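What follows is a single structure, written as structure tokens, with notes after it.
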Amino acid sequence: MHLADFRKSLIDHPGKAMHFMLPGGEFIPSHFHVTEVARVQKDFIDCGGTRRKSIACVLQTLIAHDIDHRLASSKLEAILNMASLLFDSNDIPMEVEYEGGVISQYPILECEITPAGLLFHLGGKHADCLAKDRCGLGPSLATVDCATPGCC
């Protein structure tokens, strides 16, 4: 889901409760806080030597001791409005950062409208070789021969 779609979900359903479902079916506790909205840019060179860049809007969540806290869609939209100067475009992927033992980032896949409010489905992130043709990797990520020039 991109920032534009995420914001549209919030605007179209003001005052609604929000729920974030992790890839395994568990939920981020409903008393979460959004402690920051970040524009995260990663500049890198892949193992084949190609320069790349990825940009995402990341919502950092915090689970605090105030279990009565509930963040409604209107409030999160107001927070995103304050952060809008960080973004040149609304066409960037959305992610949620959550600490459940370790800090992880989850892409937001979709929003489902339910009787309980907005249900955001989160996906997983996986490592991948972006230069499979240079590394000799086919469709499966078997073993990499790091003796291949320009790989690893």
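Excluding L109 itself, calculate the net charge of residues whose Cβ lies under 12 Å from the Cβ of L109, where each Lys or Arg counts +1 and each Asp or Glu counts -1. Present the calculation step by step, with values, prior to reporting the outcome.
Working: positive: K125; negative: D5, E95, E110, E112.
Once positives and negatives cancel, what remains is -3.
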Inset, instruction - Give the peptides 128-134, 106-112 in descending order of average Cβ contacts within 10 Å, highest first. - result: 106-112, 128-134
Legend entry - Percent of Cα pairs exceeding the 19 Å cut-off, where the set is the range 1-141: 55
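With a/c under 1.5 counting as rounded, go ahead and sort the range 23-91 into rounded, prolate or oblate using the C-alpha gyration tensor (a ≥ b ≥ c being the square roots of the eigenvalues; past the cut-off, prolate if a/b is larger than b/c, else oblate).
Taking the square roots of the gyration eigenvalues as a ≥ b ≥ c, the range 23-91 is oblate.
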Legend entry - Pairwise label distance in nanometres, E99 with A38, each label 7 Å out on the Cα-Cβ vector: 1.2
Legend entry - Antiparallel DSSP beta bridges within the chain, percent to nearest 5: 75
Inset, instruction - Express in whole angstrom the spacing between the alpha-carbon centres of the range 83-111 and the range 1-27. - result: 11
Inset, instruction - Treat each spin label as a single point 7 Å out from the Cα along the C-beta direction, and report the N81 to K8 distance in nm. - result: 2.0
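Here, each number is a calculation from the coordinates, and none is a lab measurement. As the structure is a prediction and not an experimental result, all values here were calculated from the model. Counting neighbours? That spans all protein chains shown, and the Cβs are built from the backbone with ideal geometry, glycine included.
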